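This report concerns only the one structure given below.
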Amino acid sequence: MTESKEFLESKNSITPQQNHFTSPFLTENGDDTIDIFKLCKNLWRKKWVVIIVTTISILLSVFYAFKQPNLYKAEALIYPATLKNVEALNLKKNLIADKVGEILLNIRRNVFTAFKNNLGSRVLQKKFIQENDLLKYLAGNNNENIRDVEIFENFSKMVKIRNLITKFGDKEGIAVSMHSEDSEFAAKLINDYIKFFNLATVRTLASNARSAIDNQIKDIESTIRSKRKIALIRRQDQITRYKEAAIIASKLGAVERIEGTNVVQNNQQQVAEMGTLTPLYYLGSKALKAEILTLKNRRSDDPFIIGLREIQQKLFLLRSIKINEEELTSVTVDRPAYPSEKRIQPNRRKIVLQGTLIGLFLGIFISIVVTFLQNKKLIHSE
């Protein structure tokens, strides 16, 4: 009985010793606190692991950094055009002289908005790519597998547009830029890109202005034709009235102008009571026939059409407007794109530094794990 009890006590005392495992980096007081001295001592013993891993990481990061191609940024700064450059689009400059400044400011704002909208036009981007033969460049080595749609999508992402802080009062500038391995190519592409869209915007605006002028001219010409037709009809009505009055005057024997007789006075009193005008036959048949002959021989009714000369003046002003596209521009290039010698990517120093830190921490981690596994294996072997 005594032997079995001793045997059980010895078994209970051995079992916890075999199953319990403590970290080699904990303090001896058992409060799960890491002993920094032990940790540093272990890392020093495993320093070659840390050095080797860190060195390999540095070499890989250096290789990766120098494997990356150099990227350069070409950027142009653009602002709205000057008032002089959009003055030709002011179709009301001769009609509303007192509001020319306000009108020009609105025109400049609308022109710059049209330019920015055109920059996002996929149709114009496609036309620019085709005219500058950029399909092969954008396709690269995958020119057989890549589709045109993907090329245009990539190009729209490659050219970046951002708004600038206001610089000249109400002006809102934009920056057009792109990244490329060839700085000269990027600068030339950005400058050509701006010229292309400026020209496209100017042509569109000039065409719209010409269409607006043509429409106004057509409306005015139509108004003048209608007024002349109405004037002709009124002249013919006048002739008809004079003819009837001449017949009445002839029957009454009134060759000359009727001044005042009892008949005339009675008739005039009746006419006044009826609220109508004096009858035309009072003029006499001689005067009426002269009026009829004059009206028939009239070559033009223009001098007798009220407001016609004002309308014709407006027509002459519209016809005098000439829109010269060479004098127009939709933007002012504050700073064109130029080839840059300073690369923006890759930041090789940053890549190597990150690789060094990753290698260092990875080496420390591996050292700790190896020590932990070795210690655990040693305890189990005992």
Margin query: What's the total number of residues in region 284-330 that are in a helix (DSSP H, G or I) and of a type in the set (A, V, I, L, M)?
Written below: 11
Notebook entry, point to check: Under 9 Å by Cβ, and 6 or more places apart or on different chains, what pairs join a residue from region 101-113 that is assigned by TED's automatic domain parsing to the domain that holds L83 with one that is among the acidic types (D, E)?
Noted result: L104/E87; L105/D170; I107/E87; R108/D170; R109/D170; R109/E172; F112/E172
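Given N141, N154, which one is at pLDDT below 80 and exposed (fewer than 12 other Cβ atoms within 10 Å of the Cβ)? Working first, answer last.
Working: N154 fails: exposed (fewer than 12 other Cβ atoms within 10 Å of the Cβ).
One residue alone meets the criteria, N141.
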Note to self: Can you go through I161, I129, I107 and tell me which one is more than 22 Å from D182 (Cβ to Cβ) and modelled with pLDDT of 75 or more?
What the structure shows: I107
Note to self: Out of the residues in region 209-240 meeting the condition of being polar (S, T, N, Q) and exposed (fewer than 13 other Cβ atoms within 10 Å of the Cβ), tell me which one is farthest from I161 (Cα to Cα).
What the structure shows: T240
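The values are calculated or read from the model by the stated rules, or taken from the named source; none is laboratory data. Just so we're clear, the structure is a prediction, and the values are computed from it rather than from any experiment. Don't worry about glycine lacking a Cβ; one is built from the backbone with ideal geometry, like all the others, and counts go over all protein chains shown.
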